[in-house]
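Presented below is the structure to which this report refers.
The values are calculated or read from the model by the stated rules, or taken from the named source; none is laboratory data. This is a predicted model, so every value here is computed, not measured. Cβ: placed from backbone, ideal geometry, glycine included. Neighbour counts: every protein chain shown. Accessible surface is based on the protein model in full, side chains and every heavy atom, while ligands, DNA and RNA are left aside. Shrake-Rupley method; radii C 1.70, N 1.55, O 1.52, S 1.80 Å.
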Amino acid sequence: MKITLAFFIILSFFSSLLSAEELTDLSAKQLISLQKNKEALVVDIRTEQEWAKTGIIPNSHKLQFFSSRGKYNAEKWLADLNKLKTSPDQPVILVCRSGARSGQVGNMLAKQLGMSNIYHLSHGIMSWIKAGNKTNTECTDPLACK
């Protein structure tokens, strides 16, 4: 009886860990694959000045999260993100300059809001450029380019 009770306690602990959503780091190569094979939505959360400086990943969407002063409106940003998604379970890949901000936003989406299929580009747009991938300055969606 004691063994059965202990087994159920351990099982419930591990099942709660398994159901928790996690943010997944991606390399540039993995981003390309997920974008092609799973039609992932790539969202660049940087500022307008950063977009102008480096460009954005082709077929990604500009959707600034933090202002230049570090302020944000998560509710409005999330509503705009949901307008860009083609389905509730569509994979979302977040991009920033170095991976720090996209990691923060991704963790909020995955851990606090329980969203699944949330990824971020490890080391941000800088790793994309360092890997020799091209960027562009054209916006793919007028909603995200305000």
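Highest mean packing comes first when the peptides 57-66, 25-34 are listed by Cβ atoms within 10 Å, giving 57-66, 25-34.
The Rg/Rh ratio of segment 37-116, with both radii computed over alpha carbons and Rh defined as the Kirkwood radius, is 0.93.
The accessible surface of segment 39-146, taken with every protein chain in place and a 1.4 Å probe, is 48 percent carbon and sulfur. A 1.4 Å probe run over the protein chains yields, for segment 58-137, 55 Å² of accessible area per residue, whole-number rounding. Model label sites at Ser27 and Asn136, defined 7 Å from Cα along the beta-carbon direction, differ in position by 2.6 nm.
Between Ser68 and Lys85, what length in nm is gained on full extension when 0.36 nm per residue of separation is reduced by their alpha carbon distance?
3.6 nm
The simple spin-label model puts a point 7 Å past each Cα toward its Cβ; for Leu78 and Lys36 those points are separated by 3.4 nm.
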